[in-house]
Amino acid sequence: MILFTLRCSHGHEFEGWFRDGEGFEAQQKAGEIACPECGQTLGEIDPHGIYGEASEEESRELTDEGISFGRIPWVPQTDS
Ligand SMILES: [Zn+2]
(Lines give C-alpha, C1' and ligand atoms only; values in the text may rest on other atoms or scores of the structure.)
Protein backbone atom coordinates (compact mmCIF):
# COMPACT_ATOMS: atom_id res chain seq x y z
CA MET A 1 0.00 0.00 0.00
CA ILE A 2 1.18 3.52 -0.74
CA LEU A 3 -0.06 6.76 0.74
CA PHE A 4 -0.44 9.74 -1.56
CA THR A 5 -0.92 13.28 -0.41
CA LEU A 6 -3.07 14.70 -3.15
CA ARG A 7 -3.96 18.26 -4.00
CA CYS A 8 -6.86 19.43 -6.09
CA SER A 9 -6.68 22.54 -8.27
CA HIS A 10 -8.25 24.56 -5.45
CA GLY A 11 -5.30 23.85 -3.20
CA HIS A 12 -7.06 21.41 -0.86
CA GLU A 13 -4.79 18.63 0.33
CA PHE A 14 -6.03 15.20 1.26
CA GLU A 15 -4.59 11.74 1.68
CA GLY A 16 -5.44 8.52 -0.03
CA TRP A 17 -4.20 4.97 0.27
CA PHE A 18 -3.74 2.95 -2.87
CA ARG A 19 -2.74 -0.64 -3.53
CA ASP A 20 0.06 0.48 -5.83
CA GLY A 21 0.72 2.91 -8.67
CA GLU A 22 -1.49 0.91 -10.96
CA GLY A 23 -4.35 0.96 -8.47
CA PHE A 24 -3.98 4.71 -8.14
CA GLU A 25 -4.07 5.24 -11.88
CA ALA A 26 -7.10 2.97 -12.29
CA GLN A 27 -9.04 4.81 -9.60
CA GLN A 28 -8.00 8.19 -10.98
CA LYS A 29 -9.13 7.31 -14.50
CA ALA A 30 -12.41 5.97 -13.11
CA GLY A 31 -12.98 9.29 -11.34
CA GLU A 32 -13.14 7.58 -7.96
CA ILE A 33 -10.67 9.89 -6.25
CA ALA A 34 -12.46 13.02 -5.09
CA CYS A 35 -11.43 15.96 -2.94
CA PRO A 36 -13.39 15.78 0.35
CA GLU A 37 -13.48 19.58 0.51
CA CYS A 38 -14.95 20.50 -2.87
CA GLY A 39 -15.73 17.15 -4.49
CA GLN A 40 -13.48 17.73 -7.45
CA THR A 41 -12.40 14.37 -8.82
CA LEU A 42 -8.75 13.82 -9.47
CA GLY A 43 -9.44 12.83 -13.05
CA GLU A 44 -10.15 16.52 -13.68
CA ILE A 45 -6.85 17.57 -12.18
CA ASP A 46 -3.67 18.16 -14.10
CA PRO A 47 -1.43 15.20 -13.21
CA HIS A 48 1.42 17.62 -12.60
CA GLY A 49 -0.51 18.82 -9.55
CA ILE A 50 -0.40 15.43 -7.89
CA TYR A 51 1.97 15.02 -5.00
CA GLY A 52 2.67 11.67 -3.50
CA GLU A 53 4.93 9.60 -1.39
CA ALA A 54 6.12 6.33 -2.83
CA SER A 55 9.00 3.94 -2.60
CA GLU A 56 11.85 4.24 -5.08
CA GLU A 57 10.53 1.33 -7.08
CA GLU A 58 6.99 2.68 -7.08
CA SER A 59 8.27 6.13 -7.98
CA ARG A 60 9.98 4.76 -11.03
CA GLU A 61 6.83 2.88 -11.94
CA LEU A 62 4.76 6.06 -11.76
CA THR A 63 7.34 7.98 -13.74
CA ASP A 64 7.25 5.30 -16.41
CA GLU A 65 3.50 5.71 -16.56
CA GLY A 66 3.91 9.41 -17.18
CA ILE A 67 2.61 10.59 -13.82
CA SER A 68 4.62 13.44 -12.41
CA PHE A 69 4.74 13.94 -8.68
CA GLY A 70 6.90 15.51 -6.04
CA ARG A 71 8.27 13.90 -2.94
CA ILE A 72 6.98 15.18 0.35
CA PRO A 73 9.86 17.39 1.52
CA TRP A 74 10.16 15.96 5.03
CA VAL A 75 10.69 12.37 3.85
CA PRO A 76 14.25 11.47 4.91
CA GLN A 77 16.59 10.86 2.02
CA THR A 78 19.34 8.25 2.11
CA ASP A 79 22.63 8.51 0.28
CA SER A 80 22.54 4.98 -1.02
ZN1 LIG B 1 -10.76 20.63 -3.37
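Summary of computed values
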{"quantity": "Where a residue in the range 1-22 is under 11 Å from Gln40 (Cα atoms) and in contact (Cβ under 8 Å) with a residue 12 or more places away in the chain and its partner, wherever it lies, is in a helix (DSSP H, G or I) and not acidic (Asp, Glu), with Cβ under 7 Å and at least six apart", "calculated": "Arg7/Gly49; Ser9/Gly49"}
{"quantity": "Any hit, the range 18-41, residues being within 16 Å of the ligand (Cβ to nearest atom) and modelled with pLDDT under 85", "calculated": "no"}
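The values are calculated or read from the model by the stated rules, or taken from the named source; none is laboratory data. This structure is a prediction, so every number in the text was calculated from the model and none was measured. Glycine also receives a Cβ, built like all others from the backbone with ideal geometry; neighbour counts cover every protein chain displayed.
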